[in-house]
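The structure under discussion appears below in the form of structure tokens.
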Amino acid sequence: MEKLIYDFSFGLFFWQLLLFVALVFLLKKFAWKPILNAVDERESSIKESLKAAERARKELKELQSDNQKILNEARAERERIVKEANDMKNKIVGDANEAAKAESAKHIENARLQIESEKQNAIAQIKTQVAELSVEIAEKLLRKELESQNKQQELIDDLLKEAKL
Amino acid sequence: MQFKTSKLFLFLFVFVAPFFASAQHDADTAHAEAEPSIKEKIKKDIEHHLQDSHDFHLFTDNATGTHYGFPLPVILWDDGLHVFMSSKFHHGEDVVESKGNYYKVYHSKVYKTDESGVLTFDEHHHPTNAMPLDFSITKNVFSIMAIMLIIILIFSRTAKSYKTSLVPSGMAKFVEPIIVFVRDEIAIPNIGEKDYKRFMSFLLTIFFFIWIVNLFGLTPLGINVTNSISVTFALALITFLITQFTARKDYWKHIFWMPGVPVFMKIVLAPIELLGVFIKPFALLIRLYANITAGHVVLMSIIGMMFVFKSWIGSPLSFGLAFGLSLLELLVAALQAYIFTMLSALYFGSAVAEHHDEH
């Protein structure tokens, strides 16, 4: 302790105190203030940027979920439309089938009726022709039969016989 | 262009001067055999190194007895201002006359003597002569000024680099992490987010000042600023004053009327707490002084060993040890700056703390 007091130099103490206080104020003005301000400014700008990035990411995420929702809705809509179209198609095809069936049945019925009438016609014609033919044959037979006198007599006799009134 | 010259000066100052300074050891070796007690001589050299001096002494050529270095102004206050160059003392050999008073330098202190320069000693071998108030630009004051100039140069340039862009460039790349470290690891945890800004200028200045001064102490220039008690006393005094003048009501309340303890304890604690107010900065100044002084003494002793053990094993051993210790001292230089700053911040923190909870 005694050595410390002996070593103590007031002059050096005085200069150190004076110079150091001057140094603190000089550095405060020319170094620490601008440096710390710059560091603070940068740090706050980094913080701001990070926050902005976080916000942007959140927005993007929301946007993505929105997109997903829209996409899902669109998909459901598409499915619905396709299903409707399918149903309609099936119905149309079914209707068409039925109509075609009915039409063809009508056609067949018509054809049958026509065939029937044609057949009746043909049968009637054949009947007429058969009657004419048989009349002609009977005429030719009669002519041949009744060529001679006796045969005519015979016939008259027969007829008279039959007509026994 | 002006900057370039200052850069050149710095280069010369830092890199070339040590070679001149290291010549001192060569001079010692040359005279090792001529001097009978080399140990005494080494002891004297170390003592001389630990003391301040009135001229910037780099080395001495023992063969011719010439001292290399440069004189510094001596400023004395003794019923009037006395200013002269230290070269007039002729390294303590001559008595200097100034305005009718006679002065002699003994162990780096200026004493008032008569015309023939007679000094009377007490039983501790301390001169009993009257001492004028000595405001000389001594070696330490000169070193402090030079180092402060370098510090201002470094940090004003750093500050300027932020004007163009917020991204650190050049010097700022190296300095900024340290500044941020002081802010985030020392100031904010100890003082608190609310109050730390007021103390930043002091904390940063004291951190870089002690660190850089300690680093210069490791160069062979022989600068030893932080191992003079006057310097550490001045620094600790500033910490002490800032602590007392920024203190809030709670700080004083915790000293004189400790809340939460019985009245009897309050009375007992008050003087202890009050003593603590002074002991804290005192420990601060002794710690820095003792650490740096011890480092210098051990380092110089190890280098001195080279001249004591004049065998093939002595020099490599001494070199190896000195090299290892120098690395350690590099760490100590930063560590002491950190501790001083840290404890200062802690004291400021306790001064501005607002206790909401009574303990």
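Bear in mind these aren't lab numbers, they're just calculated from the coordinates by the rules spelled out. Keep in mind it's a predicted model, so treat the numbers as computed, not measured. When we count neighbours, we look across all protein chains shown, and the Cβ atoms used for this are built from the backbone with ideal geometry, even at glycine.
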How big is the Kirkwood radius of the protein assembly as shown, worked out from every pair of different alpha carbons and given in Å to one decimal?
-> 32.5
Mind listing the long-range amide H neighbours of residue A:9? Cut-off is under 5 Å, sequence gap 5 or more, other chains count too, H placed in the peptide plane at 1.01 Å from N.
-> B:230
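Of the cross-linked pairs A:29/A:51; B:44/B:99; A:29/B:280; B:249/B:280, which ones have a Cα-Cα span greater than 28 Å in the structure shown?
Working: A:29/A:51 32 Å; B:44/B:99 33 Å; A:29/B:280 30 Å; B:249/B:280 19 Å.
Where the Cα-Cα span goes over 28 Å, the pairs concerned are A:29/A:51; B:44/B:99; A:29/B:280.
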Take the alpha-carbon positions of the range B:180-270, form their convex hull, and give its projected area averaged over all directions (one quarter of the hull surface) in nm².
-> 8.2
What average number of partner chain Cβ atoms lie no more than 10 Å from the Cβ of the residues making up B:200-207?
-> 5
Extent along principal axes [Cα atoms of the range A:1-64; Å; largest to smallest] | 79, 28, 7
Please give every one of the lysines within straight-line cross-link reach of residue A:161, meaning a C-alpha to C-alpha distance under 23 Å, and leave out same-chain neighbours fewer than 8 residues apart.
-> A:144, A:151
Counting residues in chain B as N, plug N into 2.2 N^0.38 Å and put the Cα Rg over that result.
-> 1.18
Helix axis angle, A:10-27 relative to chain A longest principal axis, alpha carbon, degrees = 30
With the convex hull built on the alpha-carbon atoms of chain A, volume per residue in Å³ sits at 284
proj_area_mean for the range B:141-352 (convex hull on C-alpha atoms), units nm², value 15.5
Count the net charge of all other residues whose Cβ sits under 12 Å from the Cβ of residue B:104, scoring Lys and Arg as +1 and Asp and Glu as -1.
-> -2
In percent, what relative contact order does chain B have, based on Cα pairs under 8 Å that are 6 or more apart in sequence?
-> 17
Can you check what the Kirkwood hydrodynamic radius comes to for the range B:73-136, Cα pairs only, in Å to one decimal?
-> 11.8
Give the long-range amide H neighbours of residue B:106: residues separated by 5 or more places, or on another chain, with amide H under 5 Å away, using H modelled in the peptide plane at 1.01 Å from N.
-> B:111
Once both labels are modelled 7 Å past Cα along the beta-carbon direction, what's the residue A:141-residue A:83 spacing in nm?
-> 8.5
Please give the average number of partner chain Cβ atoms lying within 10 Å of the Cβ of each residue in B:222-231, rounded to a whole number.
-> 4
Shielding of A:37-45 by partner chains, average beta-carbon count, 10 Å = 4
From phi via Karplus (6.51, -1.76, 1.60), per-residue ³J(HN,Hα) for the range A:43-49 in Hz, x at Gly/Pro | 4, 5, 5, 5, 4, 4, 4
State which entries of A:33/B:173; A:3/A:28; A:47/B:160 exceed 29 angstrom in Cα-Cα distance in the structure shown.
-> A:3/A:28
Quick one: Cα centre-to-centre distance for the range A:49-123 and the range B:41-99, in angstrom?
-> 113
